[in-house]
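Have a look at the structure below before the remarks.
The values are calculated or read from the model by the stated rules, or taken from the named source; none is laboratory data. Predicted, not measured: the structure shown is a model, and the values here were computed from it. Cβ coordinates were reconstructed from backbone atoms using ideal geometry, including for glycine residues, and neighbour counts include every protein chain displayed. Accessible surface areas use protein heavy atoms only, side chains included; no ligands, DNA or RNA. Shrake-Rupley method; radii C 1.70, N 1.55, O 1.52, S 1.80 Å.
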Amino acid sequence: MWVAMTHYDCEIFDASALRAFWGINEGEPLGPPDLLCTGDVYELLEGARPSTVTFKITEDAITIADTAPEGGFAGAVAVLAELRLMAQDNEVLDALLLDIGGRLALLPLSPLRRDARYALIGIDPGQTRLRLSQLVFGSFCAGTRIMAGDGQLVPIETLEAGDYVLTRDNGAQPLLWVGKITVRAVGLFAPVRLPPGLLGNLGPLSVGPLQRIFLYQRGGLAAHGRSEALVQARYLVDGDRVQQREGGFATYHALVFDDHQIIYAEGVPTESLLVSRATVARLPEDFARDLSARFPQLNQRAHFAPELPDAAAAQALAAKQKAW
């Protein structure tokens, strides 16, 4: 159940901090959605720094909560669009283009690199009442079996802080925190179900649509020449074998370690919940409040593996995926 009002600390950039290096808008700063063109390449200006602001989110509006906000941002917040950008090494960045009191700002949903030039590859118009907390949320449905430190598959709902879970890169690691939330199964909270064997999974795998799954292919991926990729479950939905089911309620569990990890769900490598200022700020309130209170200094670096940019690429790779 959602509370009536929530507060989130976020780091945002003034839109003018990004300038088109190449393309239709060459030389121009990042502008409103109707002036943006896919294919334009942007870079962060030297010396540009983010501003930390607090969003107050209610059922009716999003506003800046600070009386003297950093960077001078103030007023009502409207989500104009969700942007998808790709760096020259094929790393994908999702970001929100915001109007804050008549001033354009960019809210990156993962770190904005200073050494990268980003091609704009997607523009998805937003809604002024869009809940920021719904944009970054990946976790596992109740009943999912996780590989424990001794190699046994155990239901996720039986795991507790201190229990050991097998990780791909660091062996058995103790859990720092286990989150649980029940939400209406609609939109970005409607679970995605992968049937047994699709990716070598030993049983049905049901996850949140934003949960990223680790895929591997010998010989490299055609899209970027690497053998690894993290794929959001929503991109695997094909309307046939992989379904996203809306209706009723879904109970999700999230696992947090001292460091971001690749773990095994039904035998398939998947990522643990990434805890950073950027992600916790957009988790459901019940998750964010408890996690932030317990571990205020936790700020993890993401496991390196490129994201695939679209459903076609993800489904093509999944079709070649073998049992681990």
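Annotations for the structure displayed:
- Residue match in the range 196-204 (condition: under 23 Å from the mean Cα position of the chain (by Cα), in contact (Cβ under 8 Å) with a residue 60 or more places away in the chain and not in a loop (DSSP other than H, G, I, E, B)): no
- Leu104 under 14 Å from Leu18 (Cβ atoms), touching a Pro at 6+ places or on another chain (Cβ under 7 Å) and of a type outside the set (Ser, Thr, Tyr): yes
Conditions tested, residue by residue: (1) without any contact (Cβ under 8 Å) to a residue 40 or more places away in the chain; (2) more than 19 Å from Leu205 (Cα to Cα); (3) touching a strand residue (DSSP E or B) at 6+ places or on another chain (Cβ under 6 Å).
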position: Ala142; (1), (2), (3): no, no, yes
position: Ala148; (1), (2), (3): yes, no, yes
position: Leu159; (1), (2), (3): no, no, yes
position: Gly162; (1), (2), (3): yes, yes, yes
position: Arg168; (1), (2), (3): no, no, yes
position: Trp177; (1), (2), (3): no, yes, yes
position: Thr182; (1), (2), (3): no, no, yes
position: Val186; (1), (2), (3): no, no, no
position: Phe189; (1), (2), (3): no, no, yes
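- Considering only residues in the range 40-75 that are assigned to a loop (DSSP other than H, G, I, E, B), under 23 Å from the mean Cα position of the chain (by Cα) and at pLDDT 80 or above, the one that is nearest to Leu109 (Cα to Cα) turns out to be Pro50.
- Evaluating Val178 against the criteria (1) modelled with pLDDT of 80 or more; (2) open to solvent by 40 Å² or more (accessible area, probe 1.4 Å); (3) outside any strand (DSSP E or B) leaves one unmet condition, (3).
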